[in-house]
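Comments concern the structure below.
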Amino acid sequence: ERKEAVKKALDLCNEVVNTCGDVEKVDLAFNMLRRIYCEIGEYQKALDSIDKISAQGYMHRVVGQAQVLAYSKDYAEHAKFTEENLWSCYLAMDSLLELKINSLTEMKEYEKVPVWCSARQKLLSIFDDGCPDFYISHKLWNCNAKAQAYKKMGEKGKCLEELRNFVDCTKC
């Protein structure tokens, strides 16, 4: 029964790949092929499926590669791959959050800035264990952006609190 179900799933995915013109659906089919091949231990076929996912399906490619390395028990390569890609994702998220905060400030949507600054602050704290001054300049910029937003909204108490946070960051 299992073999028959696997064959049916593979056939369905291959049909989507061969007949569908929607890139997103084709990427999902390649991603599903990758998952099936991992489950049945055909790691090279899983890697081949990943290679066929479009650039649009980048996250499926990254997660898929990590899964193949984990399933195939290539732990050294898995560790290297996941660490490199986690770092890249972290940097991308940090940059996107900074750009979002800048855009909100330029559009004078000050009430939204503290929420996004708080999200960025949480992201920046990920690597604080053992290295409290990690990305200190980003933390300082974030406190300043939040303080400026509160100033523009006339929230003096919250502005002062963020300025105290700014000073606390410099004490590290």
Is it fair to say Ser49 is touching a Leu at 6+ places or on another chain (Cβ under 8 Å) and not basic (Lys, Arg)?
-> yes
Any helices (runs of 4 or more DSSP H) falling wholly within region 1-105 and containing at least 1 residues that are crowded, with 17+ Cβ neighbours inside 10 Å and under 16 Å from the mean Cα position of the chain (by Cα) = 58-71
Write out, first by first residue and then by second, each pair whose Cβ atoms fall under 9 Å of each other, whose residues are 6+ apart or on separate chains, and whose first residue, in region 75-96, is more than 17 Å from Leu47 (Cβ to Cβ) while the second is outside any helix (DSSP H, G or I) and open to solvent by 60 Å² or more (accessible area, probe 1.4 Å).
-> Asp94/Tyr135
How about region 138-152: which of its residues are open to solvent by less than 50 Å² (accessible area, probe 1.4 Å), farther than 22 Å from Asp128 by Cα and in contact with a Ser or Thr (Cβ under 8 Å, 6 or more places away or on another chain)?
-> Ala149
Can you name every residue in region 153-162 that is over 20 Å from Lys122 (Cβ atoms) and either open to solvent by 70 Å² or more (accessible area, probe 1.4 Å) or of a type in the set (Val, Ile, Thr) (or both)?
-> Lys156, Leu160
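The values are calculated or read from the model by the stated rules, or taken from the named source; none is laboratory data. Predicted model only: the values in this text are computed from it and were never measured. Counting neighbours? That spans all protein chains shown, and the Cβs are built from the backbone with ideal geometry, glycine included. Note: areas computed on protein heavy atoms with side chains; ligands, DNA, RNA excluded. Shrake-Rupley method; radii C 1.70, N 1.55, O 1.52, S 1.80 Å.
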